[in-house]
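Take a look at the structure below.
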Amino acid sequence: MQKHEECEVHETPSRPTQTPPRDTSWRMFDTIAGRYDALNRLLSFRRDVAWRRMLANLLPPGDHLRTLDLATGTADVLLALKRFNPRVASGVGVDMSRNMLRHAKDKIAARGLSDALRLVRSNGVCMGLADASFDAVTISFGIRNMPDALATLHEIRRVLRPGGRALILEFALPKSNVMRALHLFYLRHALPHIGGLVSGNFAAYRYLNTTIETFPYGEEFCALMREAGFRSVVAHTLTFGAANLYQGDA
Ligand SMILES: C[S@@+](CC[C@H](N)C(=O)[O-])C[C@H]1O[C@@H](n2cnc3c(N)ncnc32)[C@H](O)[C@@H]1O
């Protein structure tokens, strides 16, 4: 497998009490890996499970699909792809957090899928994987945490075969004023407290709501995908606009 030496990962010292910069956000996930899955279910009212299932149903046509899940975390997307779409032959999960990958490895082994699903510790902006080697690349709640969203989109397109598909799940804000106000109240006041209390890391869940509020979504994110060279870009709105599933072909 081709390795790109020009984009090594630079590790800077962490400051756990502060909101992390996006280039080292993965360090924060190291500290919450043990409670991550439970908190996802709790804070999304289990909608995250349905969203990942939808993602599995939007894979491109064809059989024996080779998939890559970037920012795989505890591998919930990889497992959903394999479970809900029988056309998936193999999957590679990429993440920088050792602790998230440790949980991912255990979950994959517990389901007897270690031969089909492989994990790689690498940086999403420069994965060191061969060009045009995947039929589909997924990233769920990960692009917001990358040091550079556009560079990550270019990297995703590079590893996709021509005609391959990117599927990107990310939080958004509802369009309707009422839903938006309710959602912002939840994001700003309920989520950081519940997340902080359960995980023991208040900064991590403060980081979550500030990054959701400042990250491009909807048409603005579609434009970023087009700028990275994706075609037929569409955004599927999920749960009143609390999340979007973006689809684009290489
Ligand atoms: C919110 S979690 C999403 C995990 C999983 N995709 C899911 O749907 O639950 C974001 C993940 O991005 C990873 N991450 C952050 N920065 C990264 C980077 N530069 N390269 C690779 N992974 C990164 C974190 O370690 C974390 O596991």
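Residue count for the range 50-70, restricted to those that are free of Cβ contacts under 8 Å to residues at least 40 places away in the same chain and part of a loop (DSSP other than H, G, I, E, B): 3.
Checked against (1) of a type in the set (Ser, Thr, Tyr); (2) surrounded by fewer than 22 Cβ atoms within 10 Å (Cβ to Cβ); (3) more than 26 Å from residue 35 (Cα to Cα), residue 152 passes all but a single condition, namely (2).
Residue pairs whose Cβ atoms lie under 8 Å apart, sitting 6 or more positions apart in sequence or on different chains, and linking a residue in the range 138-162 that is under 21 Å from residue 59 (Cβ atoms) to a partner that is among the hydroxyl-bearing types (Ser, Thr, Tyr) and in a helix (DSSP H, G or I), are 139/152; 143/152.
Within the range 81-99, the residues that satisfy the criterion of being buried (at least 24 other Cβ atoms within 10 Å of the Cβ) and not β-branched (Val, Ile, Thr) are 81, 91, 93, 95, 97. Of all positions in the range 191-206, none carries a residue that is closer than 29 Å to residue 128 by Cβ, in contact (Cβ under 8 Å) with a residue 24 or more places away in the chain and of a type in the set (S, T, N, Q). Among the residues here, residue 26 qualifies as modelled with pLDDT of 90 or more, in contact with a Pro (Cβ under 9 Å, 6 or more places away or on another chain) and within 11 Å of the ligand (Cβ to nearest atom). Within the range 71-121, being assigned to a strand (DSSP E or B), within 12 Å of the ligand (Cβ to nearest atom) and more than 18 Å from residue 168 (Cβ to Cβ) holds for 119, 120, 121.
The values are calculated or read from the model by the stated rules, or taken from the named source; none is laboratory data. Keep in mind that what you see is a predicted model, and the values were worked out from it rather than measured. With ideal geometry, Cβ positions are generated from the backbone for all residues, glycine too; neighbour counts draw on all protein chains shown.
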